[in-house]
Amino acid sequence: MDGDVTMQCGSLDSDASVTWKVNGTDVKAHHREEGSRLILMEVDLSNNGLYSCFQNPNGERRDQINLRIGTSPREPTVTCRSNTYPKGFYCSWHLQHPTSIPTDFDVTVLHNQESLEVTRDVVHKNRCHVLFPEVFSSYPYRVNVTAVNALGKASTTITFEEINIVKPDPPERVVATPIPSNVRRLEVTWNSPSTWPDVEIFPLKYFLRYRPLIRDQWEHVELTDSTAHTITDAYAGKEYIIQVAAKDMEIGTWSDWSVAVHATPWMDKPQQIPSTTEQEPLLETTPSPAPPSAEPHRAGVPVGRASSSRHLPSPLLWSSCLLQGALTLALI
């Protein structure tokens, strides 16, 4: 607000001499003083504060004024949603431009030209609850929210059908578990939102999305009336992020995503080599020394090689010849 504000120091005469302070310090805003009056010019929100006036010359405080500069409200933003279908719905509202002064809200709800009871939320001050007067109604609902303060008022009215505001809360207790001995599988389970009154009569369907942290692209699976799913195409050893959304089978829109959970598929543990107290001797390979002479090996000629007649007989052959000669002489 751009204007002037005039403050009077108590019941002092208009020509009394006074001194003004704001929050205990000198008034620095653009102003002028006329006797016992203080005139602030072109005020804005920065001029808010506790103003005190003191009568000269003794400096006795004569008055205090709590100045709060504000604005008249603009049209509030209103949204309505049913997360407890078919029991009822709630509406929320807020001001996009704060007024800086106390502002109240009046709410009215009409259905088939009848005014419905509105119950204010005990936790959220800008929220109210309304019971559905009937299920599967074809009559639209008309909600009006009016913001009111000392400087003015403004209203917003929205109209909607029952089926267009149904939106469950996200699924709860989402758990992802690796499956033993399956390096590409994760078992995902969850609970229906606890705010949904009767999942048996009004069943929900679910939308699962998952991706490894190393990628930005999600994989999606839509499930009908099931609160579990096995992921079979996970990357082995990669951490996954998983979320689930819910929706009524016939009407409304998808819920927000559930709280994200993280999981990694089952991984083989590296096998450990058992330790033994007795160790086999290590075999070392060393080059053979050069033979001391050209004498042939007594082990005989290797297979595939012909013996040379130029070689002298071995001592074993000489012994055989001597024994055979001795036997011949004995027989003669």
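Here are some notes:
- Coupling constants for segment 222-230 follow from the phi torsions by the Karplus curve (6.51 cos²θ - 1.76 cosθ + 1.60, θ = phi - 60°), and in residue order they are 9, 10, 9, 6, 9, 10, 7, 7, 9 Hz; glycine and proline get x.
- Point-charge dipole on Cβ atoms (K/R +1, D/E -1) for segment 1-88, about Cα centre, debye to 20: 680
- Segment 166-205: C-alpha pair distances exceeding 14 Å, %: 55
- For segment 203-210, 3J(HN,Hα) computed residue by residue from phi via the Karplus equation (6.51, -1.76, 1.60; θ = phi - 60°) reads x, 10, 10, 10, 10, 9, 10, 8 Hz, glycine and proline entered as x.
- Rg and Dmax of segment 164-235, based on Cα coordinates, read 14.1, 46 Å.
- Whole-Hz ³J(HN,Hα) from phi, Karplus 6.51 cos²θ - 1.76 cosθ + 1.60, for segment 176-182, glycine and proline x: 10, 10, x, 9, x, 6, 10
- An ellipsoid equivalent to segment 1-91, defined through the eigenvalues of its Cα gyration tensor, has semi-axes of 44, 14, 11 Å when rounded to whole angstrom and sorted largest first.
- Modelled spin labels at Asp198 and Thr177, positioned 7 Å past Cα toward Cβ, are 3.2 nm from each other.
- Where a label projected 7 Å from the Cα of Ile101 along Cα→Cβ would reach, residues of segment 1-37 with amide N under 15 Å: 1-7
- Measure of compaction for segment 207-273 (Cα Rg per 2.2 N^0.38 Å): 1.39
- Segment Thr119-Trp218, extension gain: residue separation times 0.36 nm, minus the distance between their alpha carbons: 31.5 nm
- Remark on segment 28-157: ratio of C-alpha radius of gyration to 2.2 N^0.38 Å is 1.61.
- Rg ratio (alpha-carbon, reference 2.2 N^0.38 Å) - segment 90-234: 1.50
- Between the listed residues Ile179, Asn58, Thr157, the Cα displaced farthest toward the positive end of the dipole of segment 54-200, a dipole computed from Cβ unit charges relative to the Cα centre, is found at Asn58.
Read-outs throughout are calculated quantities, based only on the coordinates presented, and are distinct from any laboratory measurement. Not measured: the values here are computed from a predicted model. Neighbour counts are summed over all protein chains in view; Cβ atoms, including those assigned to glycine, are modelled from backbone coordinates with ideal geometry.
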